[in-house]
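The structure appears below as structure tokens.
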């Protein structure tokens, strides 16, 4: 009997006329073997080298400390200076530039080093382990897909399920509110299962889902090992934690960053985390002596650090739940737990710290005298805080500089590995001082599992895995590192480490790459980069500079590109959700739209028009963008059209002069940017209905995007509660970006003046 093409291709038995003259064949799925270990990678965000207790901190991280005490603690581990690049390198075992992720995935530049996603020429650990029979889970922050592709419209090819994970629960952006997160489950957006008033916090929710995924697997298929990637939102801003954790740290940092940094430095020396004789780097430019600060600045800064500590402490307890959950089901001993941070402590809070982190991205320095008036909000749902530079440098003790910099403060972070069945008990609690890089983790996993990465994956030729396994270090403290040369680059800042020497330059945007000075350090005796040898050893500096260029060409670093924040506006091109005519038409029902896929209204003039079939008494949100901390809401209340322009809790509210008539109605608002300020004018059926001046016109509004017909997440306006869905029929909502003013600018300004009177 002839076989069908599919039978001919796949079936390896015999098909006869009847079952008697046929031979069955059953495909045997891949399985890595009954002794194959589970793997859990726990990734912290913006957590500096010294912020864990076992790395010198006074913050309570007892669960992480226990992992280190019963495993290995790496002291000379390096990453990239930013989150998405580190994640790309972690999951592929290759250079971040080579795989298309020189900066955050929010950007595409049209060059191979910045695709906005990991190239398909670099299969991830999850993709490869999945082909070997591993179950694969991702729980937490992704930030490895172009954000313009992260709406419910997709495409989904670069979401976690498109890159080798069987299940996903978390968020796709670079950050989210911990009490009111933007959540995605597998390939669709969902609402959080509870509210802050119910005791909800994202980190707890992530661990609940991790434990459920593991329980689902092991309850039915106990033979299958799993690979779980758990990238927490912590400790990236906003720093938010349950109240009891905030209370725990009241007054704990009143002595300030100088005393704290000195204490953490001494702790590190005592613990052997840093070599004997390592100096404490001087305060970074812009960080003043604590004793010289005004009282209001001290009060604000101490409270912001308390929020960070509470956030980390709370996260540590969730990590404890992961460990205890694995122990309870008998899976801990044969699970390789790898815990690390993606980069150093963040500088994005500025010199004073911020109540609203988005102020940093708007170029606003929030003065302590203003922020301290709302000090009790810090760390709770009604805050989006980040701490000041002084505390960030304390978090990077003993180093200088921060996240985004290629000095040690940006790239030197903790790494802990725990694996009772694979690491000899005699090694427990030992330090590993050998150099290692984030790109070395994937090849280490492959070696431990006896896996060779394929030359092709799904028909696509693969880039070579360029990281260096350090599997040989797990049970040998004396072995040498396989990684002899490691380059770094971020927005033009560059560095290279080779055989204990480091050359580094801190690039200032717009300066000549060839003219800016380089520094030279002998890391074998100067871990904290305090003794610059560039002048006294120019031959070594030139040698390392040339080596940097060699590595840069090898790994696809060029072109050097120092653009960062301004790339958020580079959206209008072919094959993008942003139409060339800058017109967006939304028809509910729709899922929330991520900020970079939604109409790009930040810093722009635009018109918003809602077409409704109105009956008196109907009310609700027609369009909202952002959160209770910053955003815009376009809604109907008390039969009037309203706008709440919430610029970091400074609410500019306008209500239509007339009530909305029954029937088919066009409701419109014109937003006009006039520089740092702007105006809003309302229209009902094209009739002007009031104008208001907006004193601060936000350039970047929020990391939370748009919602149509309701207000997703925390409510933008205090005039309503919860999502306040529109109770009538919203036919469509149109947003039109405006390139230039359609009316005479003086007329717009005059209307604003009239509105003041």
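Odds and ends about this structure:
- Inter-label distance, residue 153 to residue 615: 3.2 nm, where each label sits 7 Å from its Cα along the C-beta direction.
- Cα gyration tensor shape for the stretch 480-639, rounded if a/c is under 1.5, else prolate or oblate: prolate
- Length gained when the stretch residue 421-residue 243 is fully extended (0.36 nm per residue, less Cα-Cα span): 60.2 nm
- Label-point separation in nm, residue 186 to residue 23, each point 7 Å along Cα→Cβ: 3.9
- Maximal additional length on extending the residue 514-residue 590 stretch stands at 22.3 nm, based on 0.36 nm per residue less the C-alpha distance.
- Two-site label geometry, residue 537 and residue 131: point separation in nm, points 7 Å out along Cα→Cβ: 4.4
- Gyration tensor (alpha-carbon) shape descriptor, the stretch 490-565, a/c threshold 1.5: prolate
- Considering only alpha-carbon pairs that sit under 8 angstrom and 6 or more positions apart, the relative contact order computed for the chain is 15 percent.
- Length-normalised contact order for the stretch 38-475 - Cα pairs under 8 Å, 6+ apart - percent: 29
- Cα centroid separation, the stretch 192-249 to the stretch 408-483 (Å): 26
- Cα gyration tensor shape of the chain, rounded if a/c is under 1.5, else prolate or oblate by comparing a/b with b/c: oblate
- Efficiency of FRET from Cβ geometry, residue 499 and residue 583, R₀ 51 Å, rounded to 0.05: 0.35
- The order of the peptides 374-383, 684-693, 456-465 by mean Cβ neighbours within 10 Å, most packed first, is 374-383, 684-693, 456-465.
- Peptides 431-441, 701-711, 54-64 ordered by average Cβ neighbours within 10 Å, highest first: 701-711, 431-441, 54-64
- Extension gain, residue 223 back to residue 549 (0.36 nm per residue minus Cα-Cα distance, nm): 112.6 nm
- Relative protection proxy for 234-247, 400-413, 605-618, from highest mean packing down: 400-413, 234-247, 605-618 (other beta-carbon atoms within 10 angstrom).
- Using the rule -39500 (n - 2.57) for each DSSP H run of four or more residues, divided by the residues of the chain, the 222 nm mean residue ellipticity is -6500 deg cm²/dmol.
Quick note: the coordinates plus some simple rules give every number you see, no bench work behind them. All values derive from a computational prediction rather than experimental measurement. Note that we place each Cβ from the backbone using ideal geometry, even for glycine, and neighbour counts take in every protein chain shown.
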